């Protein structure tokens with residue numbers, strides 16, 4: 001079993017990033033069996049598919065590396081690196097462009113969403129983004145890829161590309177690529193804005209009060225939870241009672257995710273109580289969870305050389321793992337590689 005997953009380097013990492021993806025990565029790493037392996041990468045090549053500031057991208061890449069390590073990714077047990085240091089990602093994407101089909105890419109909903117009404121003005125990189133995603137996982141013969149609902153279509157495309165390439169250029173007994181299987185992360189909590197329960201928690205929200213950032217100190221965490229939008233009704237005794245109460249559901253969901261309980265279990269403890277009691281309890285759980293992460297995150301950001309060294313070691317490991325697949329791909333295509 002080999003798990004491969006990537007995350008775009010974004011600044012101002014928040015609770016939604018942690019509970020939605022990073023924590024599940026840590027748990028996958030911690031549950032590895034004999035002979036199993038996790039590769040986690042910072043998708044900086046993907047980041048240039050949209051307008052970006054080079055200095056900000058560099059800063060965000062190091063910040064994301066610091067966040068992953070602070071949250072529990074252990075570079076001694078997992079391979080942690082950034083794409084740009086492993087040239088094979090871009091090489092394999094180009095080789096797979098000959099197999100991917102325009103019709104397949106035209107059906108990708110993420111391109112439609114990100115390009116908006118100005119598709120002619122979107123970058124070619126944004127259009128071929130899913131082919132690079134396919135290369136990201138096929139390069140390492142990934143057996144499993146953690147995916148949320150918004151990425152299932154891209155993993156299906158990766159499998160289609162792998163299958164067509166194997167059919168066209170390999171034999172059934174000796175395929176070039178492994179077809180990766182999806183993993184649906186357990187309890188992938190969908191964390192919403194503290195100011196609007198209908199919107200996801202996001203770094204792009206102009207209000208800092210809308211999100212809990214991983215670098216927030218305890219006083220700031222408690223202040224944001226205290227001011228989080230709610231309604232005047234007490235908490236119900238079961239989840240059904242939270243229908244049409246998005247802000248209340250969001251706060252209970254956060255508490256449930258942090259304590260590894262179900263929403264119903266949380267409501268069994270707090271049903272009938274008002275937010276005057278629930279918010280302080282939630283704030284305390286958040287502070288205890290985030291304090292060690294925040295302290296380590298801040299310390300790592302102050303040691304950029306250590307972060308560079310972590311990413312360089314991970315990239316060296318990734319390049320070594322990638323060589324056989326890249327060689328086999330060139331050979332299958334009839335290309336002489338220098």
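Residue check: is residue 215 touching a residue at least 60 places away in the same chain (Cβ under 8 Å), under 22 Å from the mean Cα position of the chain (by Cα), within 28 Å of residue 38 (Cα to Cα) and not in a loop (DSSP other than H, G, I, E, B)?
no
Of 130, 180, 175, which residue is over 30 Å from residue 228 (Cβ atoms), touching a strand residue (DSSP E or B) at 6+ places or on another chain (Cβ under 9 Å) and at pLDDT 90 or above?
Answer to the check: 180.
Which members of the range 29-49 meet the condition of being touching a residue at least 40 places away in the same chain (Cβ under 8 Å) and surrounded by fewer than 20 Cβ atoms within 10 Å (Cβ to Cβ)? Spell out the reasoning first.
Residues of the range 29-49 that are touching a residue at least 40 places away in the same chain (Cβ under 8 Å), as a first pass: 29-30, 32, 37-46, 48-49.
Residues satisfying the conditions are 29, 30, 32, 37, 48.
Run down 110, 141, 133 and say which single residue is in the same structural domain as residue 6 (by TED's automatic domain parsing) and at positive phi.
Residue meeting the stated conditions: 141.
Looking at the range 60-85, which of the residues that are part of a loop (DSSP other than H, G, I, E, B) and touching a strand residue (DSSP E or B) at 6+ places or on another chain (Cβ under 8 Å) is nearest to residue 10 (Cα to Cα)?
Of everything passing the filter in the range 60-85, 73 is nearest to residue 10 (Cα to Cα).
Tally up the residues in the range 281-327 that are within 30 Å of residue 142 (Cα to Cα) and buried (at least 17 other Cβ atoms within 10 Å of the Cβ), please.
Residues in the range 281-327 being within 30 Å of residue 142 (Cα to Cα) and buried (at least 17 other Cβ atoms within 10 Å of the Cβ): 14 in total.
Of all helices (runs of 4 or more DSSP H) completely enclosed by the range 104-187, which ones contain at least 2 residues that are under 29 Å from residue 330 (Cα atoms)? Before you say what the answer is, go through the steps one by one.
Details: elements: 109-115, 124-127, 129-138, 152-169.
Of the helices (runs of 4 or more DSSP H) lying wholly inside the range 104-187, those with at least 2 residues that are under 29 Å from residue 330 (Cα atoms) span 124-127, 129-138, 152-169.
Look at residue 99 and say whether it is touching a residue at least 12 places away in the same chain (Cβ under 8 Å), within 22 Å of residue 41 (Cα to Cα) and either assigned by TED's automatic domain parsing to the domain that holds residue 7 or not in a helix (DSSP H, G or I) (or both).
Criteria not met by residue 99.
Which of the numbered conditions does residue 76 fail, given that it passes all the others? Conditions: (1) in contact (Cβ under 8 Å) with a residue 40 or more places away in the chain; (2) within 30 Å of residue 295 (Cα to Cα); (3) surrounded by fewer than 21 Cβ atoms within 10 Å (Cβ to Cβ).
Here residue 76 clears every test but (1).
Which of the residues spanning the range 193-208 are closer than 17 Å to residue 248 by Cβ, free of Cβ contacts under 8 Å to residues at least 60 places away in the same chain and crowded, with 17+ Cβ neighbours inside 10 Å?
Selection gives 193, 194, 195, 197.
Could you list, in sequence order, all residues of the range 108-147 that are touching a residue at least 40 places away in the same chain (Cβ under 8 Å) and farther than 24 Å from residue 84 by Cβ?
109, 143, 144
Give the residue, chosen from 318, 312, that is more than 26 Å from residue 215 (Cβ to Cβ) and within 22 Å of the chain's Cα centre (by Cα). Spell out how you get there, then give the answer.
Values: 312 fails: more than 26 Å from residue 215 (Cβ to Cβ).
One residue alone meets the criteria, 318.
Is it true that some residue in the range 18-36 is touching a helix residue (DSSP H, G or I) at 6+ places or on another chain (Cβ under 8 Å) and either under 26 Å from residue 123 (Cα atoms) or outside the structural domain of residue 166 (by TED's automatic domain parsing) (or both)?
No: the range 18-36 contains no residue that is touching a helix residue (DSSP H, G or I) at 6+ places or on another chain (Cβ under 8 Å) and either under 26 Å from residue 123 (Cα atoms) or outside the structural domain of residue 166 (by TED's automatic domain parsing) (or both).
Any residue at all in the range 8-16 that's crowded, with 23+ Cβ neighbours inside 10 Å, at pLDDT 95 or above and either at positive phi or not in a helix (DSSP H, G or I) (or both)?
No: the range 8-16 contains no residue that is crowded, with 23+ Cβ neighbours inside 10 Å, at pLDDT 95 or above and either at positive phi or not in a helix (DSSP H, G or I) (or both).
The values are calculated or read from the model by the stated rules, or taken from the named source; none is laboratory data. Quantities reported herein were computed from a predicted structural model and do not represent experimental measurements. All Cβ positions, even for glycine, are placed from backbone atoms using ideal geometry, and neighbour counts span all protein chains on display.
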